[in-house]
Amino acid sequence: MDSAAPLSNLPEFSVSEISGAIKRLLEGSFGRVRVRGEITEFKRYPSGHLYFSLKDEGGKISAVCWRGSVARLGLVPENGLEVIATGRISAYGERSSYQLVVDRLEYAGEGALLARIERVRQRLAAEGLFDTERKQPLPTLPLVIGIVTSAQGAVLHDIRTTVARRFPRRLLVWPVPVQGEGAAERIAHAIAGFDAIDGRGHLPRPDVLIVARGGGSLEDLMAFNEEVVLRAASACRIPLISAVGHETDTTLIDFVADRRAPTPTAAAEIAVPARAELLADLAHRAARLDASLAHLAQSSRLRLDRAARLLPDLPGLLEGVRQRLDDRAHRLSLALPNLLATRRHALLAAERHMPTPHALITARQGHVAVAASRLLSALPRFVSRQRAALTTAERHLNPPRARIEAQRGRLALQAMRLASSLRGTLAERAGRLREQRAHLGGLAARLDSASPLGLLSRGYALVTDEGGAPVTEAAALADGERVGLRFADGERRARIEPRSKPGAAQRSLEL
C-alpha cells in the first residue's frame, strides 16, 4: 500500500511564475529611479546595445542601454566615469538577476566632469597635440572667414557686426549644435568640412576659422572638451581661433587651437584688423617713407655737390692736354727730319772712314803670306838642327847603325808629318780667308744698297732746304725758294720755279 504524499498549505509556483512575480514586483515598486555610480565593465555589442555596471564603495548593479536609447543618453559612457543613470529596475528571469535599464546618463557633478577632462587632457598632451610647435600663424588680412557656431543666439550676430565694423570680410557659417547629444560630432564634422574645401568650386577656402559659442555651465561646454572635437581641431590645416564661453571659461579646444580668444567678439577682433588703424598705420608709414626718401635725396645731393667740388676742371684739363699734344706734334715734326739728317751724316762719315773690301782682303792675304814664308824659312833650320843634334848624339853614344837609321826614318817621318800639317793649316787658313772674303763682300753689297750714295749713283738726287733739312713734299717749297741738290759726285744749288700751267701743284727747278 502506497504511502500518502506529505500534506502542506504552501502554494506551489513554477520558476517562470516566481521570475515573473519578482520582475513585476521590482518594476511596480521602484518605477523610474536615478542611480549614482562609476561605470565599469563597459561593453558595446554589435547589435548596438550597451552593457555595463554601476558600482560604489558598497555594491554593484548591472545596467543595460538598448540601441534605441543610445542616441539620447546625453554623453558617451566609458569606464571610470562617475555618472547619474536614469532608468527603471527590471529583472532577467533566465539568469535570475536584476538590472537597471538606462535611458539617460549625466555627469555626477563638476568633480566627475573635471576628472574626465583631466584624463583627456593628459592623454592628448602626451601625444603632443598641445605643443607650441604645432601652432599656425594667423593671416594678417584674411579674405574669407569660416565660422563654426550655432545659427541661433547672439554669438553669430556679435561676430558679424564686429567684422563689418572693423574690416568687412566674406563670412562662411557652418551652423552646428553647441551642446547636447551629438554636438561634439557635429562640431568635429564642421571643422573637417571647412578643412576639406579646396577653393576650386563655388565655395572659397577660408583663410581663418573661428569655433565659438556663448557662456554656460561646465556641462554645457563639454562638447568642446570631447576628444573627437580636439582631434579635428588639431588636424585642421586652416589657422583656428577658439572662442568658447566667457573670459573665465576654459575648454580643451583652447589648448589645441592656434589662438584663444576670451569671447566671440574678441575672436572677430583677432581675425581681422581695424580698417581705420590700418589706414592710420599706412599713412604713418608713408609719411616716414617720404621723410626718409627726402632725407636720403638731400644727403645724396650734398655728397654729389662735395664730390663735384673735388673734381678737377675737365675743360681746362682737356685744353692743357690739347695744347701739349699740339706742341709735341710740332716738335716731333721738326725732330724727325733733323734726326734723319743727323743719322745720314753719321752714316756718310762712317762710310768715308771705312776701308774697302779689296783692301781688307789684300791685307789679310799679306799677313797669311808673311806667316807662310816665316814658317817655310824656319823649317830647314829646324831640320838641320835636328840632324845636327842627331849627329852629336851619334858621336857621343856611338849607337849601332840600325838604331841610327831608325832614328833617321822617324825624323824623316816627323818632317813629312810637319810639312803635311803645315800644308793643311795653310789650306784651312786659305778656306777661312775665302769665307771671310765672301761674308765681307755680302756686307759690302748690303752697305752699298743701304747707302744714300748708292741711290744717288743710280740717278737719284737728295733735295734739302737752305737749312740742310731734307724736303719730301713739293707743296713745302715756295716759288723762288733756294734748295740744295746732292748727286753721287757732288752738290749743286737750285731755285724753285712755277710750272707753265697755272694752278698746278707741281714745281720745277732752275739750276
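The values are calculated or read from the model by the stated rules, or taken from the named source; none is laboratory data. Owing to the predicted nature of the structure, the values given are computational and were not obtained by experimental measurement. Glycine gets a Cβ as well: all are built from the backbone with ideal geometry, and neighbour counts include every protein chain shown.
One table, with the values for the structure above:
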quantity: So Arg275, is it basic (Lys, Arg) and in contact with a Lys or Arg (Cβ under 8 Å, 6 or more places away or on another chain); calculated: yes
quantity: The range 120-160: number of residues that are of a type in the set (Ser, Thr, Tyr) and surrounded by 15 or more Cβ atoms within 10 Å (Cβ to Cβ); calculated: 2
quantity: In the range 161-199, the residues that are hydrophobic (A, V, I, L, M, F, W, C), under 42 Å from the mean Cα position of the chain (by Cα) and exposed (fewer than 14 other Cβ atoms within 10 Å of the Cβ); calculated: Ala196
quantity: From the options Arg24, Arg72, Arg32, residue that is within 27 Å of Val229 (Cβ to Cβ), basic (Lys, Arg) and modelled with pLDDT under 85; calculated: Arg72
quantity: Which listed residue is hydrophobic (A, V, I, L, M, F, W, C) and touching a strand residue (DSSP E or B) at 6+ places or on another chain (Cβ under 9 Å), from Ala291, Ala287, Ala341; calculated: Ala341
quantity: Checklist (1) in the same structural domain as Leu218 (by TED's automatic domain parsing); (2) out of contact with any Phe, Trp or Tyr (no Cβ under 6 Å at 6 or more places or on another chain); (3) surrounded by 11 or more Cβ atoms within 10 Å (Cβ to Cβ); (4) not small (Gly, Ala, Ser) applied to Asp281, failing item; calculated: (1)
quantity: Residue list for the range 105-130, filter: outside any helix (DSSP H, G or I) and either hydroxyl-bearing (Ser, Thr, Tyr) or modelled with pLDDT of 85 or more (or both); calculated: Tyr107, Gly128, Leu129, Phe130
quantity: Answer from Leu311, Leu317, Leu293 - the residue that is of a type outside the set (Gly, Ala, Ser) and under 39 Å from the mean Cα position of the chain (by Cα); calculated: Leu293
quantity: Lone unmet requirement of (1) surrounded by 10 or more Cβ atoms within 10 Å (Cβ to Cβ); (2) on the phi < 0 side of the Ramachandran plot; (3) at pLDDT below 85 for Leu304; calculated: (3)
quantity: Subset of the range 231-255 (residues that are modelled with pLDDT of 90 or more, of a type outside the set (A, V, I, L, M) and assigned to a loop (DSSP other than H, G, I, E, B)); calculated: Cys236, Arg237, Pro239
quantity: Count of the range 216-230 residues which are part of a loop (DSSP other than H, G, I, E, B), closer than 18 Å to Pro175 by Cα and modelled with pLDDT of 80 or more; calculated: 1
quantity: Failed criterion for Leu340 (all others in (1) surrounded by fewer than 12 Cβ atoms within 10 Å (Cβ to Cβ); (2) of a type outside the set (S, T, N, Q); (3) assigned to a helix (DSSP H, G or I) hold); calculated: (1)
quantity: Qualifying residue in the range 276-294 (condition: in contact (Cβ under 8 Å) with a residue 60 or more places away in the chain, in a helix (DSSP H, G or I) and not β-branched (Val, Ile, Thr)); calculated: yes
quantity: Residue satisfying condition, being in the same structural domain as Gly31 (by TED's automatic domain parsing), free of Cβ contacts under 8 Å to residues at least 24 places away in the same chain, acidic (Asp, Glu) and farther than 30 Å from Leu278 by Cα, within set Asp131, Asp56, Asp103; calculated: Asp56
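Listed here are the residues, each with its yes/no results for (1) assigned by TED's automatic domain parsing to the domain that holds Glu435; (2) modelled with pLDDT of 80 or more; (3) in contact with a helix residue (DSSP H, G or I) (Cβ under 9 Å, 6 or more places away or on another chain); (4) more than 24 Å from Val471 (Cβ to Cβ).
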| site | (1), (2), (3), (4) |
| --- | --- |
| Leu310 | no, yes, no, yes |
| Leu325 | no, yes, no, yes |
| Val368 | yes, yes, yes, yes |
| Ala371 | yes, yes, yes, yes |
| Arg374 | yes, yes, no, yes |
| Ala378 | yes, no, no, yes |
